[in-house]
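Data first, discussion second: the structure below is written as structure tokens.
The values are calculated or read from the model by the stated rules, or taken from the named source; none is laboratory data. Everything quoted here is computed from the prediction, not taken from an experiment. Please note: Cβ atoms are built from the backbone with ideal geometry, for glycine as well, and neighbour counts cover all protein chains shown. Calculation scope for accessible area: heavy atoms of the full protein, side chains included, ligands and nucleic acids excluded. Shrake-Rupley method; radii C 1.70, N 1.55, O 1.52, S 1.80 Å.
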Amino acid sequence: MPHQHGPRRARIVFSDAAAKQLETITSEAELHALDRALVVVSVDPTIGEPLPANSTDPKLRQYTDDVERVRLLYWVTALRTVVVVAYIEL
């Protein structure tokens, strides 16, 4: 019997600014909350709401998890294989 795989997840990468924000997170609870939000976005990159943009900027999306109190600003590559996180708010 062939093994069934779930939907393919997008790969998460961080912009330089988001990587710097990530380096400042020291709380294990905040890291756990961020990890959960990143998993949600990697499984369904369209889950966040689109933010207004102009034609020269990437189409930013915003995902907010009110339970974990995490907000991510991100954009998705054309093939939906990579999610670039631009901003993290905990």
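Say a paramagnetic label sat at a point 7 Å from the Cα of ARG80, along Cα to Cβ; which residues of region 25-40 have their backbone N under 17 Å from it?
Flagged as within label range: 39-40.
Please state the equivalent ellipsoid semi-axes for the chain: what are the square roots of 5 times the Cα gyration tensor eigenvalues, largest first, in whole Å?
Computed over the chain, the values are 21, 19, 12 Å.
With all protein chains present, how much of the accessible area of the chain (probe radius 1.4 Å) comes from carbon and sulfur, to the nearest whole percent?
Reported share for carbon and sulfur atoms: 53 percent.
Roughly what would the spin-label model give for LEU22 and ARG9, points 7 Å off Cα along C-beta, in nm?
Placing both labels 7 Å along Cα→Cβ, they lie 1.3 nm apart.
Show the residues, 5+ positions off or on another chain, whose built amide H is closer than 5 Å to the amide H of ILE12.
Sorted by chain and number, the residues that satisfy this are VAL83.
How much length is gained on full extension from ARG71 to VAL39, taking 0.36 nm per residue of separation minus their Cα-Cα distance?
10.2 nm
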